[in-house]
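The numbers here are math on the coordinates, done by the rules we state, and not lab data. Computed from a prediction, not measured in an experiment: that's the story for all the values here. Positions of Cβ are backbone-derived with ideal geometry, glycine not excepted, and every protein chain shown enters the neighbour counts.
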Amino acid sequence: MKYVLAILAIAIGIAGLVAGEADDSPGLQLVGAVLVIGGIAFGVRLARRGS
C-alpha cells in the first residue's frame, strides 16, 4: 500500500511537469520536479527497508 503512495506522487509530479511546460509556469514545474524526486526517494527508502 505504501508503494501506491510513491507511485501516486510520481504520477502527480509528472502531470505537474507537463502542465507547467504547457502553461510556461516555472513554479508548477518546480513543484512537479520536487514531487517526482520525493516519490522516487520514498520508494527507494521503502524498498531498502523491505516493508
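List pairs: first residue in segment 29-51 and farther than 12 Å from Ile14 by Cβ, second residue exposed (fewer than 14 other Cβ atoms within 10 Å of the Cβ) and aromatic (Phe, Trp, Tyr) anywhere in the structure, Cβ distance under 7 angstrom, at least six positions apart or on different chains.
Gly43/Tyr3; Leu46/Tyr3
Determine whether segment 21-41 contains at least one residue that is among the polar types (S, T, N, Q), surrounded by 13 or more Cβ atoms within 10 Å (Cβ to Cβ) and in a helix (DSSP H, G or I).
yes
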